[in-house]
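S.K.: Quick one: this structure, given as structure tokens, is what I'll be asking you about.
The values are calculated or read from the model by the stated rules, or taken from the named source; none is laboratory data. Since we're looking at a predicted model, the values are computed, not measured. Because the Cβ atoms are built from the backbone with ideal geometry, glycine has one as well, and the counts that use them run over all protein chains shown.
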Amino acid sequence: MAIDGAGGGGVEPRPTPLAGVRVLDLTNVLAGPYCCYQLALMGAEVIKVERPGGGDLARELGADPARNRAGMGISFLAQNAGKKSVTLDMKSPRGKDLLKALVRDADVVVENFRPGVMDRLDLGPEVLRAENPALIYCAISGFGQTGPWRDQPAYDQIVQGVSGVMSITGDADSAPLRVGYPLADTVGGMTAAFAIASALAATPRGAVLDISMTEAVISTMGWVVSNLMVGGVQPEARGNENMTSAPSGTFATADRPINIAANRDTQWEALARHLGREDLLTEPMYLTREDRKTNRHALRGELEKTLKTRGSADWVAELNALGVPTGPVLSVEDVLYTDQVAGRGLIADVPCGGEVLKLAGSPAVVNGQRPLPQSPPPELGQDNDAIWSGLGLSASEIAELRSEGVI
């Protein structure tokens, strides 16, 4: 049954562009699970292969200790809905054979172990693609499968630091500053999902994909990188200021901050006139875009003299009506309950064990419909009997594997 979105009411059967694609998700915590979640939302069958007894570390992570103890931590819930779960000890000979059997009927394998781990298990891409030459093997790591950093440990925090992101986040007083969510993990995961979807469209199928979280993040900093490598401009931490224009950044009002992006000369002129500050238009410090960029902080102070006299909602409505892009600075809670986000159904209500979880659906809308999770995050190993019997194992064989700790 289709799951309702936060906007209320039922939804039509979801778009399933990846229907019929089977993905083996060998990943942990975030980058890999987030990648495979995007594939599941688009209709792929995702089988999460987890270690017996514990599973994905994210099962133990999150803000609710009781859920962590139950192996269903909030960090796990966030990106594992719609998947199946089996347990498998890939270090054991029988476990290796079972994984190879799964691979023969799979389209994609995704792993985010350190480079070399799968090869040491004798389950690397050459071995698995020998079982299934059409297999798409995707390895996600902090730095990639080659290079002098390949063996260094890499978590999101590490990648944010080495990628340069922290050096340009914050301002002169606060930088280097970590972005407030796992940017590198999620950007790396989305990059992997894009690469997998592209490989699925290729004829003939079959590829080995090497996804570096660091390179994925650097790729998103296109303007910063080009300014340095083409323009010779050293990147700086500019706080809430837009490096390309002014006045363009965050401004104080009588209640909450707003963002104003008067990037065009016409927008700057409309802003100054609406604030009753026509005098700024003839002030030599602010005559050109470059002048305004050079004197951006003084300009912000002048504009805030007027902006602080009234509340943010008034300025947002009035300036947008004049064609000056303006928006409030919202909290995460604020934005999730706006008519815009809630009304478009980004957050789905997912029944799970007597409660309803609110989980994010796909950020893409397909033919007017948003792909949403169709089942709750799985309990550890909940699909063992169905998946392993589907490979031809009998109930007694499955029981034996379970008693030996193979599954």
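S.K.: State all residues of segment 213-250 that are touching a residue at least 40 places away in the same chain (Cβ under 8 Å) and either within 30 Å of residue 139 (Cα to Cα) or in contact with an Asp or Glu (Cβ under 6 Å, 6 or more places away or on another chain) (or both); if no residue qualifies, say none.
M.R.: Within segment 213-250, 213, 214, 215, 217, 218, 221, 224, 237, 239, 249 meet the criteria.
S.K.: Would you call residue 207 surrounded by 14 or more Cβ atoms within 10 Å (Cβ to Cβ), assigned by TED's automatic domain parsing to the domain that holds residue 141, small (Gly, Ala, Ser) and within 26 Å of residue 187 (Cα to Cα)?
M.R.: Yes, satisfied.
S.K.: Would you point out which residue out of 51, 67, 94, 14 is of a type in the set (Lys, Arg), free of Cβ contacts under 8 Å to residues at least 60 places away in the same chain and over 16 Å from residue 377 (Cα atoms)?
M.R.: 51
S.K.: Okay, moving on. Mind telling me which of the residues 140, 158 ends up being within 25 Å of the chain's Cα centre (by Cα), farther than 30 Å from residue 382 by Cβ, of a type in the set (A, V, I, L, M) and not in a loop (DSSP other than H, G, I, E, B)?
M.R.: Going through 140, 158 in turn, the sole match is 158.
S.K.: Another question about this same structure. Quick one: which of 349, 385 is under 23 Å from the mean Cα position of the chain (by Cα) and under 22 Å from residue 70 (Cβ atoms)?
M.R.: Just a single option satisfies the conditions, and that option is 349.
S.K.: Find the residue count for segment 188-236, including only residues that are of a type in the set (D, E, K, R) and under 23 Å from residue 152 (Cβ atoms).
M.R.: So the count comes out to 2.
S.K.: Sticking with this structure for a sec: Within segment 114-126, can one find any residue that is in contact (Cβ under 8 Å) with a residue 12 or more places away in the chain and either assigned to a strand (DSSP E or B) or in contact with a Phe, Trp or Tyr (Cβ under 6 Å, 6 or more places away or on another chain) (or both)?
M.R.: Checked against the condition, which is being in contact (Cβ under 8 Å) with a residue 12 or more places away in the chain and either assigned to a strand (DSSP E or B) or in contact with a Phe, Trp or Tyr (Cβ under 6 Å, 6 or more places away or on another chain) (or both), segment 114-126 yields at least one hit.
S.K.: Residue by residue through segment 118-158, note down the ones that are of a type in the set (A, V, I, L, M) and touching a strand residue (DSSP E or B) at 6+ places or on another chain (Cβ under 8 Å).
M.R.: Answer for segment 118-158, where residues must be of a type in the set (A, V, I, L, M) and touching a strand residue (DSSP E or B) at 6+ places or on another chain (Cβ under 8 Å): 118, 128, 135, 136, 139, 140, 154.
S.K.: Name the single residue that is surrounded by the fewest Cβ atoms within 10 Å (Cβ to Cβ) among those in segment 140-190 being hydroxyl-bearing (Ser, Thr, Tyr) and farther than 26 Å from residue 238 by Cβ.
M.R.: Among residues in segment 140-190 that are hydroxyl-bearing (Ser, Thr, Tyr) and farther than 26 Å from residue 238 by Cβ, the one surrounded by the fewest Cβ atoms within 10 Å (Cβ to Cβ) is 146.
S.K.: Given the criterion buried (at least 21 other Cβ atoms within 10 Å of the Cβ), touching an Asp or Glu at 6+ places or on another chain (Cβ under 7 Å) and farther than 22 Å from residue 123 by Cβ, identify the matching residue among 73, 82.
M.R.: 73
S.K.: Are any residues in segment 385-400 more than 17 Å from residue 103 (Cβ to Cβ) and touching a helix residue (DSSP H, G or I) at 6+ places or on another chain (Cβ under 7 Å), and if so, which ones?
M.R.: 385, 389, 398
S.K.: Still on this structure: Show me the helices (runs of 4 or more DSSP H) found entirely inside segment 300-407 where at least 3 residues are buried (at least 17 other Cβ atoms within 10 Å of the Cβ).
M.R.: 312-321, 384-390
S.K.: Are any residues in segment 191-204 surrounded by fewer than 18 Cβ atoms within 10 Å (Cβ to Cβ) and touching a residue at least 60 places away in the same chain (Cβ under 8 Å), and if so, which ones?
M.R.: Selection gives 204 alone.
S.K.: Pairs needed: first member in segment 271-285, under 17 Å from residue 316 (Cβ atoms); second member anywhere, of a type in the set (Gly, Ala, Ser); C-beta distance under 6 Å; at least 6 residues apart or different chains.
M.R.: 271/262
S.K.: Among 266, 253, which is within 15 Å of residue 319 (Cα to Cα), touching a Gly at 6+ places or on another chain (Cβ under 8 Å), in a loop (DSSP other than H, G, I, E, B) and modelled with pLDDT of 95 or more?
M.R.: After ruling out the rest, the residue left standing is 253.
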